[in-house]
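Down below is the structure, laid out as C-alpha cells.
The values are calculated or read from the model by the stated rules, or taken from the named source; none is laboratory data. All values derive from a computational prediction rather than experimental measurement. Note: ideal-geometry Cβ built from the backbone for every residue, glycine included; neighbour counts use all protein chains shown. What goes into the accessible areas is simple: the full protein's heavy atoms, side chains included, and nothing from ligands, DNA or RNA. Shrake-Rupley method; radii C 1.70, N 1.55, O 1.52, S 1.80 Å.
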Amino acid sequence: MAKRIDVSGLTAYYGAHKAIEDISMTVEPRSVTAFIGPSGCGKSTFLRTLNRMHEVTPGGRVEGKVLLDDEDLYGNGIDPVAVRRTIGMVFQRPNPFPTMSIFDNVAAGLRLNGSYKKSELSDIVERSLKGANLWNEVKDRLNKPGSGLSGGQQQRLCIARAIAVEPQVLLMDEPCSALDPISTLAIEDLIGELKERFTIVIVTHNMQQAARVSDRTAFFNLAAVGQPGRLIEIDDTERIFSNPSVQATEDYISGRFG
Amino acid sequence: MSTAPVSHRRASTLRGASLPKWSPWAIAVGSVAVAAGIGLGAGLDSKVQWGLIAAILFVLGTYAIAARVEGRRQAKDRVATSLVWVCFIVAVVPLASLIWETVKRGVKVFDVYFLTHSMGVVADTQPGGGIYHAIIGTLEQVAIATLIAVPIGVLTAIYLVEYGRGKLAKAVTFFVDVMTGIPSIVAGLFILSFWILILDMGYSGFAGSLALSILMMPVVVRSTEEMLKLVPNELREASLALGIPKWRTILKVVLPTSIGGITTGVMLAVARITGETAPVLLLVWGTSVINDNPFSDPQASLPLYIYQQYANSAGSGAAYDRAWAAALALIAFVMILNLAARGIARWKAPKTGR
C-alpha cells in the first residue's frame, strides 16, 4: 500500500513570488525521507505540494510533475480531495478538532467521507490509536474532548487521525517542534513503526532527529533572502551526515553556515 | 524589618508613601458631600448637576490628594482608575434607573390576566385588557424575520470568509456595511412601496417581518463573519488534509467550532429587531383583537402596542399603566433571549476540560 513519489521539475509560487524552483527527487516507498534546511528555504512549501495542500493558500500554484507510482497528481481530472485522502498530513502544531471527542477526532476522516457502521468505526479507531501508541493512555476517556490531552498526546492523536483513513503516504511538517524531548522520543519511535506500512516524509529543523529517524535526507537551501529555495542534494542519511557531496550541505550540518 | 523605625521607611528606594486602601471611598464620599453642599448652597435643582459636580470633584480631588502624598506618577495612575469608575457609573445609572422605572410602573397591571387577554372588548380609555394579541404578533413577526434573515445572513458570511475573493466579495462587504446604517423607517418605507403599493398586498405581520429581516440581515452577517474569522486556519487545513471536501469541512468543522458565537450574534440581532416600532407601524398596522395569522390582516406587536396605548391614553391612567406593563414585558422578553443566547454560547463553546 505504500507508494513511491517521483517529483520532476517542480516549481511553486505564492502569487507572483516563486517559493521553490525546479525540484526533482524520488521518495522511496516504506522509508523515511527527511527534509532539512534553513528557515524559509521552502521545505514546508515543497511538502505541501506533495498532497496539493499548497493550493489551499490563496495565490498558491504549482508547475511541474508529482508522480504517485505512475499517476501525475497535477494531471487533468485529478481530484485534490482524493489526493489528500491518499497522502495524509500531520502539522507542526497539534490541531485536534476542538468540538469533537477523542473518538470523533480519530473517526473524523472516515465519518466525513462516507458512512461506516458503529462497530466498524470502533475497530478502526482502536487500531489507529494503537498504531499511534496512544490507545493505552486514552482508552478510558474516548468520549472526552481531544483538546484536554497534553501536547504530545494531541500530536499522536493527530497522527492517529491521519492514519485512520489508511493513506499511502504520510507527510509530517515538523511534527515535534512544539513538543518536549520525551514526547518527541515517543513520536520518533512511532515513525520507526509506521514506516513498515507507510511512505513517510518528514520536515525537521532538528538534524539529530533527521539522522535518527530517516533513511534518506534531502538538504534544501536558498541563494539569498527573496530567492526561491532549491534542493541542494538528496542521498542516504548516513552519507549526508558523514560525507556529503556538496560543500553547502557540510557547512550547514557542521554549523558553519554561509 | 519589624524593628525598623517608622522614619526609615522613606529611605527605601522601592517603597514610597501610599494612601490607605479606603482612600478612594473616602474621596468619593467627600466629593458627594461637597457636591451636595454646593448644590444646596447655589440652589441647583437638578440632581444631574449635583452628580456631575461630584464626579468632577472626585477626579480632581483624587489627583490633588494623591499628588501631594504619593507623587505625580501614582496620582496619574489613580486618576485613570477614578475616570474608569466615573464612566462606569455614568453608564450604569441610566440603565438601572430605566429598569427601575419600568418595573415600578409596569407591575401595576402586570399579571396573568394581562398576559393572556387582548384589547378586543376593552376601549383604550377603560381599565382591563391585556397584551396577548401583541405577544402573539411580536413572536410571529420576529420568528418569520429570523427565518428569513438568518439563513441568508449566515450563508453570506460563509461566502465572505471561506470563498469570497476579489471584487464581488468587496462589493458584498460594502453593501452589508451600508445596510447596517439603514434607518428602520426607511426599511419600512421600502417594503411599504414594494409589497403593499406595487404588489398590492395588504397590511400583515409578514410585511413587517420582511422589513425586520432587512434590518436583521447585516447584523447577522457581520457577527457571523467575525466568528468564522476566529476559527483557526489550522483546523480547516487539518480537515482538508484528511481528504474531506471543502463544503463538509465548513459544515462539520468550521461551523460547529463557531456555533456558540454565531448563536449569540443571532440572538442579539433578534433582540434588536424585537424592539423596532417604525416598520411595524407602517406595515403591520396594529389591531386590538387576536390575529394568529401573520399572512393576512393587521396584527399587533409589543412596541406598537406601547406606542398606541401611550398615544391614545388621553389622560386615562389605565392606558398609561398598560403601556408601562407592555414595556416591562418587552424588556423581559429581550432579556430572556439574551440569557438564552449566553446559555447556548456556553453550552456549545469548544470544550477544554480534561
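Suppose each label sits 7 Å from its Cα in the direction of the beta carbon; what would the A:D189-B:N293 distance come out to in nanometres?
Distance between label points: 7.5 nm.
How would chain A be classified by its alpha-carbon gyration tensor: rounded, prolate or oblate, with rounded meaning a/c under 1.5 and the a/b versus b/c comparison settling the rest?
Because a/c hits 1.5 or more and a/b exceeds b/c, chain A counts as prolate.
Return the lysines within reach of A:K65: Cα separation strictly under 29 angstrom, same-chain partners fewer than 8 residues apart disregarded; answer none if there are no such residues.
Hits, sequence-local ones excluded: A:K3, A:K18, A:K43, A:K195, B:K246.
With every protein chain kept in place and ligands, DNA and RNA left out, what is the accessible area per residue of chain B? Probe 1.4 Å, answer in Å². Don't skip to the end; give the middle numbers.
Details: 19670 Å² over 354 residues.
Using a 1.4 Å probe on heavy atoms only, each residue of chain B averages 56 Å².
Based on the Cα gyration tensor of the range B:3-106, what are the three equivalent ellipsoid semi-axes, each the root of five times an eigenvalue, rounded to whole Å and given largest first?
They are 36, 16, 11 Å, listed from largest to smallest.
Would you grab the residues whose amide H sits under 5 Å from the one on A:A34? Only those 5+ places off in sequence or on another chain, please, with H modelled 1.01 Å from N.
Counting only residues 5 or more places away or on other chains, the set is A:I202, A:D215, A:R216, A:T217, A:A218.
Please give the calculated 222 nm ellipticity per residue for chain A, where each DSSP H segment of at least 4 residues contributes -39500 (n - 2.57) and the sum is spread over every residue; nearest 500 deg cm²/dmol?
Dividing the helical sum by the residues of chain A leaves -10000 deg cm²/dmol.
Please check the range A:112-149 for residues whose accessible area, probe 1.4 Å, is lower by 40 Å² or more when all protein chains are in place than in their chain alone.
In the range A:112-149, residues shielded by partner chains: A:L112, A:P145, A:G148.
Setting aside same-chain residues fewer than 8 positions from B:K252, which lysines have a Cα under 25 Å from its Cα?
Output for B:K252: A:K117, A:K118, A:K139, A:K144, B:K229, B:K348, B:K351.
Local charge sum around A:P244 (other residues, Cβ-Cβ under 10 Å, Lys/Arg +1, Asp/Glu -1)?
-3
Counting partner chain Cβ atoms within 10 Å of every residue's Cβ in B:231-239, what's the average?
What the average comes to for B:231-239 is 5.
I'd like to know which of B:Y163, B:T274, B:L330 lies farthest towards the positive end of the charge dipole of the range B:132-348, counting +1 on Cβ of Lys and Arg and -1 on Cβ of Asp and Glu.
Comparing the listed Cα positions along the dipole, B:Y163 ranks first.
Compute, for the range B:132-348, the length of the dipole vector about the Cα centre, with Cβ point charges of +1 (Lys, Arg) and -1 (Asp, Glu) only. Units Debye, rounded to 20.
On the way: 14 positive and 12 negative charges, 171 e Å.
The dipole of the range B:132-348 has a size of about 820 debye.
How far is helix B:255-274 tilted off the main Cα axis of chain B, in degrees rounded to 10, range 0 to 90?
80 degrees
Summing +1 for each Lys or Arg and -1 for each Asp or Glu, what net charge is found among the other residues whose Cβ lies under 13 Å from the Cβ of B:M217?
Overall, the nearby charge balance is 0.
So for the protein assembly as shown, taking the charge dipole from beta-carbon charges (+1 Lys/Arg, -1 Asp/Glu), which of B:Y320, B:I27, A:T217 sits furthest toward the positive end?
B:I27
Mean separation of Cα pairs under 8 Å and 6+ residues apart, divided by the residue count of chain A: what relative contact order is that in percent?
Rounded, it is 27 percent for chain A.
Tell me, what HN-Hα J-couplings in whole Hz come from the Karplus equation 6.51 cos²θ - 1.76 cosθ + 1.60 at θ = phi - 60° for each residue of the range B:153-162, using x for Gly and Pro?
Calculated HN-Hα couplings, in order: x, 5, 5, 4, 4, 4, 4, 4, 7, 8 Hz.
If I ignore ligands, DNA and RNA and count only protein heavy atoms, how much of B:L210 is accessible to a 1.4 Å probe, in Å² to the nearest 10?
Per-residue accessible area (B:L210): approximately 30 Å².
Please give the net charge around A:L68, taking every other residue with its beta carbon less than 14 angstrom from that of A:L68, where Lys and Arg add +1 and Asp and Glu add -1.
Surrounding charge for A:L68 is -1.
Only helical DSSP H runs with n ≥ 4 go in: add -39500 (n - 2.57) per run for chain B, normalise by residue count and round the 222 nm mean residue ellipticity to 500 deg cm²/dmol.
Working: 14 runs with 240 residues, N = 354.
Counting only the DSSP helices, I get -23000 deg cm²/dmol.
For the protein assembly as shown, give the percent of accessible area contributed by carbon and sulfur heavy atoms, probe 1.4 Å, rounded to a whole number.
Of all accessible area on the protein assembly as shown, carbon and sulfur atoms account for 62 percent.
Checking the a/c ratio against 1.5 first, then a/b against b/c, what shape does the Cα gyration tensor give for the protein assembly as shown?
The shape class here is oblate.
Would you work out if chain B is rounded, prolate or oblate? Take a ≥ b ≥ c from the square roots of the eigenvalues of the alpha-carbon gyration tensor; rounded if a/c is under 1.5, else prolate when a/b is larger than b/c, oblate otherwise.
Note, shape of chain B comes out oblate.
Give me the accessible area buried between chains B and A, both sides summed, with a 1.4 Å probe, in Å² rounded to the nearest 100. Let's see the in-between values first.
Values: alone 20830 and 11870 Å², together 30460 Å².
Looking at B and A, the buried total is near 2200 Å².
To the nearest 20 Debye, how big is the dipole of the protein assembly as shown about its Cα centre, given +1 on the beta carbon of each Lys and Arg and -1 on that of each Asp and Glu?
1940 debye
Roughly how crowded by other chains is peptide B:245-258, in terms of the mean Cβ count from those chains within 10 Å of each of its Cβ atoms?
On the way: counts 7, 3, 0, 4, 2, 0, 1, 7, 6, 0, 1, 4, 4, 1.
Partner-chain Cβ atoms within 10 Å, mean over residues of B:245-258: 3.
Going by alpha carbons, how many degrees (0 to 90, nearest 10) lie between the helix axis of A:118-131 and the longest principal axis of chain A?
Compared with the principal axis, the helix lies near 50 degrees.
So if I place +1 on the C-beta of Lys and Arg and -1 on the C-beta of Asp and Glu, and nothing else carries charge, what would the dipole magnitude of the range B:3-106 be about its Cα centre? I want it in debye, nearest 20.
Value, rounded to 20: 460 debye.
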